[in-house]
Amino acid sequence: MKATGRQIRIRQLLEAREFVDLETLCRELEASESSVRRDLIALENEGVLKRVYGGAMAMQARGHVLDFDWQSARMAEEKRRIGALAAALIEDGQTVILDGGSTVAAVARTLTSRSLHVITNSLPIAEIFNESRQSKSR
C-alpha cells in the first residue's frame, strides 16, 4: 500500500478510536514501523493527529478538540488518585521537574501546599502554582 492509502486508513482508524498504537497500525496497514512513523509525521504536520508514546491520538476526538481543559476533565478521578500517589513520593524541600499534561497537572494540584522548588515547561501547571501562591497571600 502506498503512503496516501496508508494515511487515509490511519485517518479512518482514528475516526473510530481516540488512540491507535503503533503495533496495531503496522498490522492493519501491513507496513513497517518506519513507513508508519513517516505517515504519522506527515499527518501530524497536517494537524490530523498528535504522535504520542506508542502511537497516535486524533486531534479531534468525538467532537472535542483535544485541549487541556477537555483532557483534564477526562478520567479526572483517576488523575486525582495518580496525583495523590505521586505527591506522596515527593519530600518537602525537593526540586521537582513537571512536564506538561493533564495528569501531571493533577500531581501539581496536590503539591501546591508543599514547600518545593518546581521547574515546568507547562503554562497550565505554572498557573496552578501561581494561583495557589496568590490565594495564600490574600
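Structural remarks
- Note on segment 76-92: residues that are of a type in the set (D, E, K, R) and open to solvent by less than 50 Å² (accessible area, probe 1.4 Å) total 1.
- When each of ASP69, ASP39 is tested for being part of a helix (DSSP H, G or I), modelled with pLDDT under 90 and within 30 Å of ARG9 (Cα to Cα), the lone residue that passes is ASP69.
- Failed item in (1) within 13 Å of the chain's Cα centre (by Cα); (2) closer than 22 Å to LEU123 by Cβ; (3) open to solvent by less than 80 Å² (accessible area, probe 1.4 Å); (4) at pLDDT below 85, with VAL52 passing the rest: (4)
- Listed conditions (1) at pLDDT below 90; (2) farther than 25 Å from LYS136 by Cα are all met by GLY100, apart from (2).
- Positions within segment 93-126 being open to solvent by 80 Å² or more (accessible area, probe 1.4 Å), assigned to a loop (DSSP other than H, G, I, E, B) and either in contact with a Ser or Thr (Cβ under 7 Å, 6 or more places away or on another chain) or among the charged types (D, E, K, R) (or both), in sequence order: ASP99
- Filtered residues of segment 20-38 (kept if under 20 Å from the mean Cα position of the chain (by Cα) and either more than 21 Å from GLY101 (Cβ to Cβ) or open to solvent by 90 Å² or more (accessible area, probe 1.4 Å) (or both)): GLU23, THR24, LEU25, ARG37
The values are calculated or read from the model by the stated rules, or taken from the named source; none is laboratory data. What you see is a predicted model; the values in this text were computed from it and never measured. Glycine gets a Cβ as well: all are built from the backbone with ideal geometry, and neighbour counts include every protein chain shown. With ligands, DNA and RNA removed, areas are computed over all heavy atoms of the protein, side chains included. Shrake-Rupley method; radii C 1.70, N 1.55, O 1.52, S 1.80 Å.
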